[in-house]
1. In this structure, is SER284 more than 26 Å from the chain's Cα centre (by Cα), among the hydroxyl-bearing types (Ser, Thr, Tyr) and assigned by TED's automatic domain parsing to the domain that holds VAL309?
2. How many residues does the range 254-283 contain that are in contact (Cβ under 8 Å) with a residue 40 or more places away in the chain and out of contact with any helix residue (DSSP H, G or I) (no Cβ under 8 Å at 6 or more places or on another chain)?
3. So if I check each of GLY147, GLY155, GLY206, which one is farther than 26 Å from GLY4 by Cα, of a type outside the set (S, T, N, Q), surrounded by fewer than 23 Cβ atoms within 10 Å (Cβ to Cβ) and under 19 Å from the mean Cα position of the chain (by Cα)?
4. Can you go through LEU179, LEU185 and tell me which one is surrounded by 21 or more Cβ atoms within 10 Å (Cβ to Cβ), under 19 Å from THR44 (Cβ atoms) and in contact (Cβ under 8 Å) with a residue 12 or more places away in the chain?
5. Checking the conditions here, which among ARG143, ARG109 is in contact with a helix residue (DSSP H, G or I) (Cβ under 7 Å, 6 or more places away or on another chain) and farther than 28 Å from LEU236 by Cβ?
6. Only one residue in VAL303, VAL309, VAL289 is within 13 Å of SER263 (Cβ to Cβ) and touching a Pro at 6+ places or on another chain (Cβ under 8 Å). Which one?
7. Restricting attention to the range 100-142, report how many residues are in a strand (DSSP E or B) and either free of Cβ contacts under 8 Å to residues at least 24 places away in the same chain or within 12 Å of the chain's Cα centre (by Cα) (or both).
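The values are calculated or read from the model by the stated rules, or taken from the named source; none is laboratory data. Here the structure is a predicted model, which is why all the values come from computation and not from measurement. Methodologically, a virtual Cβ is constructed for each residue, glycine included, from the backbone with ideal geometry; neighbour enumeration extends over all protein chains shown.
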Amino acid sequence: LVSGIVDLFSERGLTIFGPTKAAAQIEDSKSFSKAFMLRYGIPTAKGVSFDDPDEAAGYIRDKGAPIVVKADGSAAAGKGSFVCEQVEQALEAVRLIMVDRIFGDAGNRVIVEEYLEGEEASFIVLTDGETILPLVTSQDHKRAYDGDKGPNTGGMGAYSPAPVIGSEMQEEIINRIILPTIEGLKKEGRPYKGALYAGLMITDDGPKVLEFNCRFGDPESQVILPRLESDLIPALLACMEGRLKEINLRWREDAAVCVVLASGGYPGKYEKGKPIAGLEEAESIGNVVIFHAGTAIKNGRLVTNGGRVLGVTALDKDIPSAIERAYKAVSKIHFERMHYRRDIGQKALRRLGS
């Protein structure tokens, strides 16, 4: 999207779902996104962008910790944000991004942001540039280890619905964040069509934007789409044809929980080619869907082929039941050095008083 595939398809008269290259800047450049939010009064963390690592380091020493350091570009696979509890960690993050260039050109610039207290949530809408159609709420688990410890990842699990976003909070997110974003992009000649993902921190002062993505979330989609009763394709076509107001989506009342199974060492170095067993046993539990991510077939066997290997999603009548079903399915699956979080959904349980 950020390379302009939508523009290319449109020039050839082909239908494609997603924003143009210009509109996708909202994800491609965190510095653009931050400046855009400030222009339109969209609540977000205070932050400053730097092209020079020494200037970034000086700012960090001046501000102290906790503090957040982010690679500017979108090519960091969800791992370009460093939540640093100590100044030394933040300085190391700048070095990794800008000097060692672990994310390549995505690290030409960094954003240094204030640390926000609160609970993270994901809010995704479909839009044709005029009408918005919210999807059901969800919550990702970014950190690698239980208790939200360790480095950020592409996402270690998710659940839907997210109790932290009630009906009043949803209205606030739509009116203070989503609509101003769609209107602002249109005003600046970047009309947005497609899926818009707002990664949020729900603070005592209300929702604040951590990031925008110009696509469905992963693993959020693995808990949102299994709850969708309607056919998705008509909604996607309506987005691109400017008639989204005709569409209503029907959702299952069931809750969904997804647990990501990762290779040992992820999000750092990890080995590939480990044989995977137990998928049939896991799916035989019922109301379980296994999403393949970092897998491959080698010599007729299913093996690991990436950092995040599988997403195990379970549906049940409520979040506690869906958690139990998901982990029952996970217990049937095995590969060498398999790693997963054992606390997916615990924030929801605390909010629900379970």
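1. Working: more than 26 Å from the chain's Cα centre (by Cα): yes; among the hydroxyl-bearing types (Ser, Thr, Tyr): yes; assigned by TED's automatic domain parsing to the domain that holds VAL309: yes.
In short, yes.
2. Here is the first cut: in the range 254-283, the ones in contact (Cβ under 8 Å) with a residue 40 or more places away in the chain are 254-268, 270-271, 274-279, 281-283.
Remaining after also requiring out of contact with any helix residue (DSSP H, G or I) (no Cβ under 8 Å at 6 or more places or on another chain): 260, 262-268, 270-271, 274-279, 281.
Total meeting the criteria: 17.
3. Going through GLY147, GLY155, GLY206 in turn, the sole match is GLY147.
4. Values: LEU179 fails: surrounded by 21 or more Cβ atoms within 10 Å (Cβ to Cβ).
Sole residue among the options that is surrounded by 21 or more Cβ atoms within 10 Å (Cβ to Cβ), under 19 Å from THR44 (Cβ atoms) and in contact (Cβ under 8 Å) with a residue 12 or more places away in the chain: LEU185.
5. Values: ARG143 fails: in contact with a helix residue (DSSP H, G or I) (Cβ under 7 Å, 6 or more places away or on another chain).
Testing whether each residue is in contact with a helix residue (DSSP H, G or I) (Cβ under 7 Å, 6 or more places away or on another chain) and farther than 28 Å from LEU236 by Cβ leaves just ARG109.
6. Details: VAL309 fails: touching a Pro at 6+ places or on another chain (Cβ under 8 Å); VAL289 fails: within 13 Å of SER263 (Cβ to Cβ).
The match here is VAL303.
7. Pass one, the range 100-142, residues in a strand (DSSP E or B): 110-114, 119-127, 132-134, 138-140.
From the residues that got through so far, the ones that are either free of Cβ contacts under 8 Å to residues at least 24 places away in the same chain or within 12 Å of the chain's Cα centre (by Cα) (or both) too are 120-124, 138-140.
Residues in the range 100-142 being in a strand (DSSP E or B) and either free of Cβ contacts under 8 Å to residues at least 24 places away in the same chain or within 12 Å of the chain's Cα centre (by Cα) (or both): 8 in total.
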